[in-house]
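Each reported figure results from applying straightforward, stated rules to the coordinates on display, with no laboratory input. For clarity, every value in this text was computed on a predicted model and none was experimentally measured. So basically every Cβ, Gly included, is an ideal-geometry build from the backbone, and we count neighbours across all protein chains shown.
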Amino acid sequence: MTQINPVTTLEKDGDIAVITLNAPPVNALSEIMREGLIAALKLADTDASARAILVICAGRTFIAGADISEFDKVQTGASLRDVQDAFDAVSKPVVMGLHGTILGGGLETAMCGHYRVAVPSAKMGQPEVALGLVPGAGGTQRLPRLVGVESALAMVTDGKPISAAEALRLGLIDALLPEGDVRTAALDYARTVKDVRRTRDMNDKVTGVAPQVFNDFRESHDFGGFEAPGDAVACVEAATRLNFDEGLEFERVIFEARKASAQSLAMRYAFFAERKAGKVPGLADDVPILAIKNVGVVGAGFMGSGIAQVFANAGLTVILVEADDAALARGMDGIAKAYETAVARGRLKQDEADARRGRIKPSTKLDDMAACDLVVEAVFERMDVKKQVMAKLDAVLRPDAIIASNTSFLDLNEIAAATSRPERVLGLHFFSPAAVMRLVEVVKADTTSASVLATALKLTKTIGKLGVVVGAGPGFVGNRMLLARQRQADWLVLEGASPFAVDKVMTDFGFPMGPFALADLAGLDLFWDAATSKGETLRDLLCEAGRKGQKSGAGYYDYDEKRKGSPSPVTEKMLADLRTQKGITPRAISDSEILERCLYPLINEGAKILEEGKAARASDIDVIWLTGFGWPLYWGGPMYHAGVIGLSTVAAGLRKYGVPPSPLLEKLAAENKAFPG
Ligand code: 3H9
């Protein structure tokens with residue numbers, strides 16, 4: 001065996017030269033990998049005793065893409081273009097043996113080989129759009145040559161990987177191998193191949209494609225504010241009107257422009273921010289993790305039922321407890337319906353749905369939870385109710401069991417103190433709908449032990465969620481910042497903006513909905529009490545009039561039977577009356593003022609959260625807003641975006657609108673710095 005460099009080996013197996021790349025964790029195609037691969041291809045090609053070449057990767061995956069961390073640096077050494085040229089120069093058949101996640105530059109490299117074979121569990125795709133990029137190593141030119149324009153357009157614009165079976169059907173790979181050892185099966189395949197077959201020379205599927213195909217595709221797809229998918233379409237289109245080398249050059253120019261774009265910078269930041277979020281400063285790697293097999297959920301309302309499904313979907317047995325039979329039956333009906341819908345929409349097979357549903361055991365007795373390793377309470381959001389449930393759970397559960405609260409706003413320290421085991425209490429703040437939303441704020445009470453925190457974080461991974469650790473305090477991170485925005489939004493409408501204009505500015509910025517549509521969705525009576533309502537705010541007035549949001553058919557907006565909202569003249573009239581009552585003469589408010597007043601106080605609240613140590617890093621706050629609150633990915637998150645605008649601009653804006661900037665924001669603005677990642 002020849003060790004070409006630390007990550008590349010070349011060896012002979014009979015008359016096949018085997019190149020193995022080995023750069024854990026995901027074999028990203030960094031400079032050393034590119035150099036090694038090129039050198040190995042050259043050497044294998046000159047070996048007269050080798051009839052064909054097999055390229056495989058060690059570890060959990062074939063190349064998962066170009067090395068994203070290199071994109072911000074000046075590129076040195078061999079480029080991915082050099083890699084492509086090296087493949088094109090080889091005079092022997094090259095087989096690519098694929099397993100794991102063959103993504104981006106990984107798939108592009110695979111397509112440089114002459115034959116591709118994969119195990120059934122392999123997944124492959126061009127996810128560059130998720131980083132604000134287009135494929136930049138020939139993907140937009142080779143993919144349509146293999147799978148045709150229609151499938152290539154879908155893959156480069158939605159970025160979703162396809163299965164190996166689908167890849168075989170489309171012509172992206174040549175054979176499915178048995179699951180397991182790729183090397184042995186791919187070697188067998190390599191022994192059968194005879195000819196060199198370069199993808200660049202396969203022009204059938206890109207010849208004679210009518211330009212209308214691309215116009216139709218553009219017209220039938222809405223990419224929202226994302227720029228990259230449209231550019232990717234242009235690159236695939238280029239494959240049908242330019243020769244291969246011209247097409248490559250066209251793609252290269254667009255890739256470079258995209259790499260330097262604000263959107264791609266923000267999306268690459270978000271990629272690494274998400275991965276950093278799982279690493280908690282001060283939490284040692286060797287903290288004991290407790291085994292969680294049996295879980296319980298108290299409260300079978302919408303939230304509790306959703307959380308129960310999340311656990312059941314991940315293979316855990318769940319006891320779902322509700323106080324009375326009727327409420328329990330309603331919860332279980334809702335769960336059954338959710339699984340039926342999943343089957344009807346083809347997202348789940350019937351037997352899998354039945355198995356998941358069967359893992360949720362209904363009960364009206366907390367005592368049935370005695371064997372649970374962890375219980376989440378999802379009861380009514382009121383401190384006295386929460387404390388009562390916590391105390392009861394404390395009495396029923398094993399002393400080593402963990403109790404988690406799903407409170408979204410209440411003081412977790414007070415909740416933990418209602419038990420005799422405050423070190424085993426924490427918050428697991430799921431977002432609604434729990435089965436869909438990836439984010440879970442893992443709330444650390446002052447007393448929560450390191451082991452309990454580490455266990456909860458591991459659990460969020462097991463159930464396919466993204467756990468971000470936050471400190472206890474009203475609203476934790478996400479809702480606390482949301483409240484800062486809502487306060488400004490409420491003032492804006494009193495001063496003269498319509499709620500619908502505020503929402504439009506937010507949706508134009510890229511949020512899926514604005515603050516008032518969001519409030520309607522959550523229910524306007526969430527923090528409203530008829531007994532104490534003073535009728536002093538628009539929300540009070542709406543609730544008093546029975547307009548409690550989407551669920552009651554009206555809130556800020558009027559809703560039709562399909563829950564589609566339209567601006568309501570009733571709300572406008574209530575608002576006008578409220579202004580008169582308060583002696584406010586409405587003024588015209590510009591879109592830019594609305595935008596600044598909705599964003600800057602939210603950023604300011606984030607700065608306070610950082611100052612108070614309630615979030616470990618600014619990027620954790622960004623991840624929370626990106627995954628839990630619909631912050632547009634291409635703006636990178638509020639704290640990142642503040643850095644792009646400039647913190648001094650944010651501080652000046654806050655002062656202009658009468659909001660004192662936080663000391664941290666002031667300090668960083670004065671030093672001309674951004675929030676530290
Ligand atoms: C591209 O290829 C452009 C080309 O078209 C043209 C170029 C000219 N680079 O996610 P995980 C790290 S763009 C560098 O936790 P998983 C990651 O940061 C790229 N690092 O594991 C983490 O590091 P750490 C197209 C990368 O099992 C560690 O690996 N490709 C890269 O949950 C483990 O990652 C993509 O967009 C990378 N490309 O998921 C694929 N990928 O341990 C992006 C990962 O220090 N990657 N790392 O925190 C993924 O989607 C997932 O990482 C993957 C594994 C599915 C592969």
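Using a 10 Å cut-off on Cβ atoms, rank the peptides 53-59, 386-392 from the highest mean neighbour count down.
53-59, 386-392
Tell me, what is the FRET efficiency for residue 60 and residue 531 to the nearest 0.05, using R0 = 51 angstrom and their Cβ-Cβ distance as r?
0.30
Could you tell me what percent of the DSSP beta bridges with both partners in the chain are antiparallel, to the nearest 5?
Taking every DSSP beta bridge with both residues in the chain, the antiparallel ones total about 30 percent.
Work out the FRET efficiency for residue 219 and residue 271 from their Cβ-Cβ distance, taking R0 = 45 Å, and round it to the nearest 0.05.
Calculated transfer efficiency: 0.90.
Would you compute, from DSSP H runs of 4+ residues alone, the mean residue ellipticity of the chain at 222 nm, taking -39500 (n - 2.57) per run and dividing by the full residue count, rounded to the nearest 500? Numbers along the way, then the final one.
Working: 27 runs with 314 residues, N = 677.
Helix contribution divided over all residues of the chain: -14500 deg cm²/dmol.
Please report the antiparallel percentage of DSSP beta bridges with both residues in region 1-91, rounded to the nearest 5.
55
Let me check I've understood the local charge: for residue 13, count other residues with C-beta under 15 angstrom from its C-beta, Lys and Arg +1, Asp and Glu -1. What total comes out? Mind dumping the intermediate values first?
Numbers: positive: 12, 51, 92, 183, 191; negative: 11, 15, 47, 181, 188.
After counting each charged neighbour, the total is 0.
Between residue 330 and residue 645, how many nm apart are label points set 7 Å from Cα along the C-beta direction?
4.2
Cα axis of helix 244-259 to longest principal axis of the chain: angle in degrees, 0 to 90, nearest 10?
30
With just the Cα atoms defining each centre, how far is region 1-62 from region 645-677? Give it in Å.
51
Taking a threshold of 23 Å on the Cα-Cα distance, which of the pairs 293/458; 392/551; 337/444 fall above it?
In this structure, 392/551; 337/444 exceed 23 Å between Cα atoms.
Quick one: grab the alpha carbon gyration tensor of the chain, order the square roots of its eigenvalues as a ≥ b ≥ c, and give me rounded if a/c is under 1.5, else prolate or oblate depending on whether a/b is larger than b/c. Present the calculation step by step, with values, prior to reporting the outcome.
Numbers: a/c = 2.00, a/b = 1.55, b/c = 1.29.
The shape class here is prolate.
Can you list the HN-Hα couplings for region 633-640, worked out from phi with the Karplus curve (6.51, -1.76, 1.60; θ = phi - 60°), rounded to whole Hz and with x for Gly and Pro?
With the stated coefficients, region 633-640 comes to 3, 6, 9, x, x, x, 6, 5 Hz.
Leaving out same-chain residues fewer than 8 places away, which lysines sit with a Cα under 30 Å from that of residue 194?
12, 42, 92, 123, 205
Measure nothing but the geometry: give the 0 to 90° angle between the long axis through the Cα atoms of 450-462 and the longest principal axis through the Cα atoms of the chain, rounded to 10°.
Tilt of helix 450-462: around 60 degrees.
Share of antiparallel DSSP beta bridges in region 294-474, in percent to the nearest 5?
Numbers: 4 of 30 bridges.
Antiparallel bridges make up about 15 percent of those DSSP assigns within region 294-474.
Take the Cβ-Cβ distance between residue 508 and residue 411 as r, set R0 to 35 Å, and report the resulting FRET efficiency rounded to the nearest 0.05. Could the numbers behind the result be given before it?
Numbers: r = 36 Å, r/R0 = 1.04.
The value I calculate is 0.45.
Can you give me the C-alpha center-to-center distance between region 153-196 and region 448-480, rounded to a whole angstrom?
Region 153-196 and region 448-480 have Cα centres separated by 39 Å.
Determine by what factor the alpha-carbon radius of gyration of region 518-582 differs from 2.2 N^0.38 Å, reporting the quotient. List each step's numbers first, then the result.
Details: Rg = 11.4 Å, N = 65, 2.2 N^0.38 = 10.7 Å.
Scaled against compact globular proteins, the figure is 1.06.
Can you order the peptides 436-449, 360-373, 615-628 by their average number of other Cβ atoms within 10 Å per residue, highest first?
The packing order, highest mean first, is 615-628, 436-449, 360-373.
Taking the Cα atoms only, what angle lies between the long axis of helix 325-344 and the longest principal axis of the chain, rounded to 10 degrees?
The helix 325-344 is inclined about 30 degrees to the chain.
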